[in-house]
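Working notes, beginning with the structure itself.
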Amino acid sequence: MSLKTQNSKTPKKPKKQRTRNDVALPVLGFLGMLRWAWTQLTSMKTALFLLLLLAVAAVPGSLFKQRPVDPAAVTQYLKDHPDYGPILDKLQMFDVYSSVWFSAIYLLLFISLIGCVIPRAIAHWKAWRSKPPRTPARLSRLPVYGTLVVPAEEGLGAEEASKQAAGVLKKRGYRVDLRPGGEKAALASIGAERGYLRELGNLCFHSGLVGVLVSVAIGGLFGYSGQRTLVEGETFVNTLVGYDQFNPGTDFQSSWLQPYSIQLDKFDVRYDRESPGHFGQPLDFTASLTTKDSPGSEAKQQTLKVNDPVNVGGTSVYLVGNGYAPVVTVRGGDGKIAFQGPIPSLPTDSVYTSTLVIKAPDAKPAQLGFVGFFLPASVKDSSGVAYSADPDPLNPELNLNSYVGDLGLDKGAPQNVFALDVSKLTQVNGRDKPAGGIVLDAGQTYTLPNGQGSISFDGLKRYVALDIHHNPGQVWALGFGVFSLAGLIASLFVPRRRLWLRFGDHEDGRTMIEYGLLARGEDHGLAAEGRAIHSALSKVWGLEAENRTQSTSGKGS
Amino acid sequence: MLPINQTLGEYSELFMLLAAGTYVVAFLAFAWDMATSGKTAQRDASLLAEKQKVPAMAGADDGGSRVPPSSSSHSATSRAARVSEVADSSLAYTTRRAAARVGVALSILGLLIHAAGVVTRGVAAGRVPWGNMYEFCTTGAFLVVAVFLITLIKRDLRFLGTFVLGLAVVMMVAAAVAFWTPVGHLVPALQSYWLVIHVSIAVLSSALFTLTFSMGVLQLIQSRREAKIAAGGEDRGGFLRLVPSALTLETLSYRINTIAFVGWTLTVMFGSIWAEKAWGRFWGWDPKEVWSFVIWVVYAAYLHARATRGWTGTRAAWLSIVGYACVIVNFTVVNVYFSGLHSYAGLPT
Ligand code: HEM
């Protein structure tokens, strides 16, 4: 038990069980060096140091936006801080949890942990199979000590007493080793120990942590996640092209995708209309879906809610966002329909003031683009600026600027559907243009000046943002987590105790018994255990309660 | 969804106000006890010393189970410290302290009113009363005082009264001033039974950490005093005579911290199960998750420190205090300033 530096002293500690920490400086060459490094790494002090380091190293991840969580914010940050942004980026401050330094700390910690657990497991295995340690010469030196005297008329005798005591201890969960008295005046004694579960728990806890880490790694290797916005009436099919964004695990193969489909039939939202402080706060989001496990299988009706994912085709589908998708028709200068359909808009606040971008690359003779706002409940303030007063579509309105020119969509460069690069376009409509901005209520159409085309606001739909996840490591992580937790509870709350009793026959026929207890590790209930043993034995031998003797430090709980 | 009962909500706020007021008076009573009982303790000590012709002994070691490493600062100083110390290390009730009694009585009264406040808030909203920061704060303060009073049944921890009631008052004031939110329904993200499980355990563990934090601070002060006495300095302990030895404080706060650590482990685990349900991933390094992890690791380090030679005593106490500081950061700074998925602070924007 070399690592348990703070244990109560075992009466006689063999030399080789000295603490590992006091290793002399190496003069042993390379192998000696390695050995020394290993002992250092697996020492308790190192574990403590690495743990503290891990805590400190985790903090920057909450101070800076992280790439895996919010890549756009990181890009923006780098734009806003050209001076020290790149330095922070070099230091991996935007990828803390996959950074070299963070990984180094936790890998070292886990190596140290494994180096810690294996020798302890071996030692514990041996302890489990061997007998409790031999009886110390002077029990009175143990932290809890007491004596019992059985009167002569009971005619008990040391031998018989020790057998009965062994029975009592076994009932209390002790492992008992009966040591009969020898010829050379050696007295009969009992060595007993309980609480092996404490150390086992500790081992389970630490190895369970390794299991959690491995499970997380498995999820990262073989899992995937993706996002998709789905407008009412649309259908998503689980193939690579079906996703707006797809993040595969390192070893993921797209052939593993099961081609199930999800159709969004309806999306219902309910807002708080009664409490003054929370008026307009959302109360419920419900998406009604029709799913098919494969193209040929039968359709199923399912409801998707926040906090309540739908499981289909080995994946879980989550409702992570929603918004309005105004349905528009854009016609080119030639009068032909260049675009028709719903345009998902990005909500920017709690009343769904949303931004949207409409691109009509098919418009002839020139391509058309629109950028602007969608307001579900448009109201004008005193200076005539429109804003949304409510999240429900009480007075839906589009406020748009229009652009003419080459939208740059054919170049093949990936384009953000929510952004339009207007630098090479000619603006036609806008507040500061002679034609003014475009304001469209539902059902209205606006014709661009000089016969460049038109746009109409035909109707309104809602859309949902779906997250789709497949994580094969997840169940394992949970399993190991629970395993770890059980180990932790055992290792913290099961007391490990050693107990010895010695039995002697007095010349006058009385049977004399002394006992001593020792705790291994933290144990506030040792004195109480001493009292409990005392009264259990007293009961067996029919002794009076006042026969009780004090323990050396008999206070305590 | 049950309708909101505004009238009941207003009653709840009235109860909270009354409870906070009662706590203030209880706090003053404990402070008075702290300021005056040092003298009583001194008098009792000299009386006792005369009677026994032995310096007032604090009784034997606590339970005798833990044999401190001989190199530790405790064993060197604690004997000397005990000479002038009255507090019993078994934390049994010994001296009569009128002011402290008043403090306890007022705390109980405050707690009853507070309970009414918490319950009416819950009934008014038709759900558990921990759905936003105002509610975490008021329910958390309730648990802090409740846990403290429950421990008092078995142990004389009245010396902690000033700290605990002081913290409770701070929490109540913060709730009313900084985090006030009218009664309302939960946003969809919070409508889950995991809210009941996850948050209640988090608040309970935090209440326990609050206790051990107070004990850690006292332990540091006490061990300085012990070191001074051991070095032959004059004992100007005053109130500290009523506080058990640094070693006793350390042992007890370790016991509480082990329970709180298991609680926090459960908090993190339930939180990640909920995160999986709500956001599709069980761990994503959201600021709240980061800080929960940091807290967990700091307290794990604390447990390791207690098992490492040279790291028990004062250093362990510091780790426990740092851990609590992280709990506070997690609750205040992270909720208010860091935007993340956990934007459930419910603060008016
Ligand atoms: C991921 C890193 C680690 C974590 C989160 C962790 C956590 C914990 C926790 C919570 C305990 C308390 C349970 C108890 O007291 O029995 C504990 C105990 C212990 N840990 Fe670790 N540990 C880690 C790494 C290590 C390493 C690397 C070592 C070896 C050097 C180690 C050795 C021990 C030992 C010996 C105990 C028992 C202390 C005692 O008996 O009081 N741990 N650990």
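Where does helix A:474-493 land angle-wise versus the long Cα axis of chain A, in degrees 0 to 90, nearest 10? That works out to roughly 30 degrees.
Charging the Cβ of each Asp and Glu at -1 and of each Lys and Arg at +1, and nothing else, the dipole of chain A about its Cα centre rounds to 3620 debye. Which angle from 0 to 90°, rounded to the nearest 10, does the C-alpha axis of helix A:29-41 make with the longest principal axis of chain A? Computed tilt is about 80 degrees.
Aspartates and glutamates within cross-link reach of B:LYS154: Cα-Cα under 19 Å, excluding same-chain residues under 8 positions apart? Of all the aspartates and glutamates, those that pass the test against B:LYS154 - Cα under 19 Å, at least 8 places apart if same chain - are A:ASP523, A:GLU529, B:ASP61, B:ASP62, B:ASP88, B:GLU250. Sorted from greatest to least, the principal axis extents spanned by the alpha carbons of the protein assembly as shown come out as 125, 65, 56 Å. By the rule of a C-alpha distance below 20 Å, with chain neighbours fewer than 8 residues away ignored, the aspartates and glutamates paired with A:LYS266 are A:GLU232, A:GLU234, A:ASP284, A:ASP293, A:GLU298, A:ASP308, A:ASP392, A:ASP458, A:ASP467.
At what distance in angstrom do the alpha carbon centres of the stretch B:167-213 and the stretch A:257-280 lie from each other? Computed from Cα coordinates, the inter-centre distance equals 27 Å. Shown for A:ASP293, B:ASP156: other C-beta atoms within 10 Å of each C-beta, ranked fewest to most, produce the order A:ASP293, B:ASP156.
Under the classification rounded if a/c is under 1.5, otherwise prolate if a/b is larger than b/c and oblate if not, where does the stretch A:224-470 fall, given a ≥ b ≥ c as square roots of the Cα gyration tensor eigenvalues? It is oblate, given that a/c is not under 1.5 and a/b is not larger than b/c. Its DSSP H runs of at least 4 residues, each contributing -39,500 (n - 2.57), put the calculated 222 nm mean residue ellipticity of chain A at -9000 deg cm²/dmol, to the nearest 500. For A:VAL328, nonlocal amide neighbours, meaning residues 5 or more places apart or on other chains whose placed amide H falls under 5 Å from its own, are A:GLY341, A:ILE343, A:ASP458.
Counted by neighbouring Cβ atoms within 10 Å, the residues A:ASP421, A:ASP89 run from fewest to most as A:ASP421, A:ASP89. Anisotropy class assigned to the stretch B:141-226 is prolate, per the alpha carbon gyration tensor with a/c at or over the 1.5 cut-off and a/b larger than b/c.
Assuming charge only on the beta carbon of Lys and Arg (+1) and of Asp and Glu (-1), the dipole of the stretch A:30-123 about its Cα centre is about 400 debye to the nearest 20.
For A:THR303, A:THR46, the sequence from fewest to most other C-beta atoms within 10 Å is A:THR303, A:THR46. Once C-alpha pairs closer than 8 Å and six or more residues apart are averaged by separation and normalised to the residue number of the stretch A:224-470, the relative contact order reads 20 percent. Cα-Cα pairs above 15 Å in the stretch A:30-123: how many percent? The proportion of pairs with Cα distances above 15 Å equals 67 percent. Against chain A, whose longest principal axis comes from its Cα atoms, helix A:196-222 is set at around 20 degrees. For the pair A:TRP128 and A:ASP83, the difference between a 0.36 nm per residue extended length and the Cα-Cα distance amounts to 10.0 nm. Note on the stretch A:382-527: dipole from Cβ charges, positive end direction compared against A:TYR403, A:SER383, A:SER484; the farthest Cα belongs to A:SER484.
Holding the Cα-Cα limit at 19 Å, pick out from A:LYS131/A:LYS163; A:LYS79/A:LYS359; A:LYS300/B:LYS277; A:LYS461/B:LYS277 the pairs that are longer than that.
Long pairs (Cα-Cα over 19 Å): A:LYS79/A:LYS359; A:LYS300/B:LYS277; A:LYS461/B:LYS277.
Each value in this text was obtained by applying a stated rule to the coordinates, not by laboratory testing. Nothing here was measured: the structure is a model prediction, and the numbers come from that model. Here the Cβ is made from the backbone with ideal geometry for all residues, glycine too, and neighbour counts use every protein chain on show.
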